[in-house]
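Encoded as structure tokens, the structure appears first; notes follow it.
The values are calculated or read from the model by the stated rules, or taken from the named source; none is laboratory data. Just so you know, these numbers come straight off a predicted model, no measurement behind them. Here Cβ is always computed from backbone atoms with ideal geometry, including for glycine, and neighbour counts include all displayed protein chains. For accessibility, only protein heavy atoms count, side chains too; no ligands or nucleic acids. Shrake-Rupley method; radii C 1.70, N 1.55, O 1.52, S 1.80 Å.
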Amino acid sequence: MKSISRKIKNEGEKIGFVPTMGALHEGHLKLVDTAKKYTDFIIASIFVNPLQFGASEDLRSYPKDIHYDAKLLENRGTNILFTPSDKEMYPEEYDTSIELPKLSSALCGATRPTHFKGVCTVVCKLFNIVAPNIAIFGEKDAQQLIILKKMVADLNFGIKILAVPTARESDGLAISSRNIYLSSQERKDAPVIYQSLMLAKKLIENRERNAKKIKDEIRNAISDKLTAKIDYIDIVNKKDLTQVNILEGEILIAIAVWFGKARLIDNITLRIP
Ligand code: AMP
């Protein structure tokens, strides 16, 4: 992979990189479309990174269909699919990790304490291997995006990070590889996440500025659904992910909810006038 990407760059082509864990869907393919818009040569990766899964999480059952994924990527104009093995990425003697402790302890980091250390470590390795000009990530994973932008700046990567809006089902549910875990009742209930974000947006448009009141309204809406178990509902400053009490500036409303064995996340960004 390293020699191919260096050769392509030497030929004057710009590389766009889309890292994924596979089980691809329209959300991932939108990242490929964006990569194509800005670069000449598209590299996607599929690697289910063991470092970013907690001990009780779904590493073993994470959906996999590499041939189907490869076809989707090829049809959408991807030039190379990079699929390293666990052993190649983390040989026995492997010992380095990358951590951004402040940004990683908020939101998802509270219940997934080692998750972002795993994400940063693997993305750092992939960036060094692929050496892209531009890397493309989804806004669905808002905290991941913020952390990776900071990592790239802190470690002088010289790679531009592009963000792509969340791709949704027609009822608003954010498309996710984990949606296949949902039972039919859970699938019916899950759009409440996006609906509650839209409710919050409306409250803010109607001049509500008290974060607790907005979070309570979101909590009430989600608790209405019997299959939902809230992990967190948070309103934070988009820059440093610190809690906001009275809304001002650019804020992120982020939610994580369990439906059965699927932990689903979603978010919106709002600029408070
Ligand atoms: P994953 O395979 O879940 O690790 O995701 C790989 C990339 O796809 C990440 O940058 C995600 O943010 C992005 N992604 C996943 N779902 C969506 C979606 N519904 N819309 C946009 N991007 C997404």
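Observations on the model:
- Candidates are the residues of region 244-273 that are free of Cβ contacts under 8 Å to residues at least 24 places away in the same chain and on the phi < 0 side of the Ramachandran plot; the one that is most open to solvent (accessible area, probe 1.4 Å) is ARG271.
- Residue list for region 23-34, restricted to those being more than 9 Å from the ligand (Cβ to nearest atom) and over 24 Å from SER85 (Cα atoms): ASP33, THR34
- Enumeration of residues in region 164-188 that are part of a loop (DSSP other than H, G, I, E, B) and not acidic (Asp, Glu): PRO165, THR166, ALA167, SER170, GLY172, LEU173, ILE175, SER176, LEU182, SER183
- Any hit, region 81-94, residues being touching an Asp or Glu at 6+ places or on another chain (Cβ under 8 Å) and part of a strand (DSSP E or B): yes
- Criterion (within 16 Å of the ligand (Cβ to nearest atom) and open to solvent by less than 30 Å² (accessible area, probe 1.4 Å)) met by exactly one of ALA163, ALA211, ALA174: ALA174
- Flag if GLY22 is open to solvent by less than 40 Å² (accessible area, probe 1.4 Å), assigned to a loop (DSSP other than H, G, I, E, B) and at positive phi: yes
- Qualifying residue in region 90-105 (condition: buried (at least 20 other Cβ atoms within 10 Å of the Cβ), assigned by TED's automatic domain parsing to the domain that holds THR20, in contact with a strand residue (DSSP E or B) (Cβ under 9 Å, 6 or more places away or on another chain) and not basic (Lys, Arg)): no
- The residue pairs whose first member lies in region 154-170 and is in contact (Cβ under 8 Å) with a residue 60 or more places away in the chain, whose second member is near the ligand (Cβ under 10 Å from one of its atoms) and in a loop (DSSP other than H, G, I, E, B), and whose beta carbons are closer than 8 Å, counting only pairs six or more residues apart or on different chains, are THR166/ILE175; ALA167/HIS25; ALA167/ILE175.
- Extreme residue, surrounded by the most Cβ atoms within 10 Å (Cβ to Cβ), among residues of region 35-49 that are touching a residue at least 60 places away in the same chain (Cβ under 8 Å) and within 13 Å of the ligand (Cβ to nearest atom): ALA35
- Only one of the listed residues (LEU197, LEU241) is open to solvent by less than 20 Å² (accessible area, probe 1.4 Å) and assigned to a loop (DSSP other than H, G, I, E, B). That residue is LEU241.
- Lone qualifier among SER5, SER56, SER61 - being small (Gly, Ala, Ser), more than 13 Å from the ligand (Cβ to nearest atom) and surrounded by 15 or more Cβ atoms within 10 Å (Cβ to Cβ): SER5
- Subset of region 135-151 (residues that are away from the ligand (no atom under 13 Å from the Cβ) and either outside the structural domain of PHE47 (by TED's automatic domain parsing) or open to solvent by less than 10 Å² (accessible area, probe 1.4 Å) (or both)): MET151
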